[in-house]
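Below is one structure, written out as structure tokens; comments come after it.
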Amino acid sequence: MIVYCVGMFLFTILTGYGFAAFPIMTAAICWPVLVQEFHGTPAIVVAIGVLAGFCGTLCTPMAANFNLVPAALLEMKNKYGVITAQVGTAIPLLAVNTALMYFLAFH
């Protein structure tokens, strides 16, 4: 479960958007391991997995429309200032999503 959530987070940072990481991580880890092997509730595991991926969107310059364009429009000195401000929310939110998946999908 931690591998799935953190994997979604990291793969989203690489690709720039959660929907790009979702089918790969779900087919590789979520469905065969979390749903079939550990009998997690599919709807909860998949929904919270996508939310974990969206935490990565807050931390990547690849999502230019969310992170780089606002910095340019606001004429910020640091073009990564938006990302820097969002990391403080993204990391705790990833931990909360992981905990929610554990408590809601497997109990």
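The values are calculated or read from the model by the stated rules, or taken from the named source; none is laboratory data. Remember, predicted model here, so these are calculated numbers, not experimental data. We place every Cβ from the backbone using ideal geometry, glycine too, and count neighbours over all the protein chains shown.
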Just for the stretch 1-41: of the residues that are among the hydroxyl-bearing types (Ser, Thr, Tyr) and touching a residue at least 24 places away in the same chain (Cβ under 8 Å), which one is surrounded by the most Cβ atoms within 10 Å (Cβ to Cβ)? THR12
Sort through ALA105, ALA63 and tell me the only one that's touching a helix residue (DSSP H, G or I) at 6+ places or on another chain (Cβ under 6 Å), surrounded by 20 or more Cβ atoms within 10 Å (Cβ to Cβ) and at pLDDT below 95. ALA63
Of (1) buried (at least 19 other Cβ atoms within 10 Å of the Cβ); (2) closer than 15 Å to CYS5 by Cα, VAL82 satisfies all except one. Which? (2)
Residues that are in contact (Cβ under 8 Å) with a residue 40 or more places away in the chain, more than 28 Å from PRO70 (Cβ to Cβ) and surrounded by fewer than 21 Cβ atoms within 10 Å (Cβ to Cβ), drawn from the stretch 42-59: ILE44
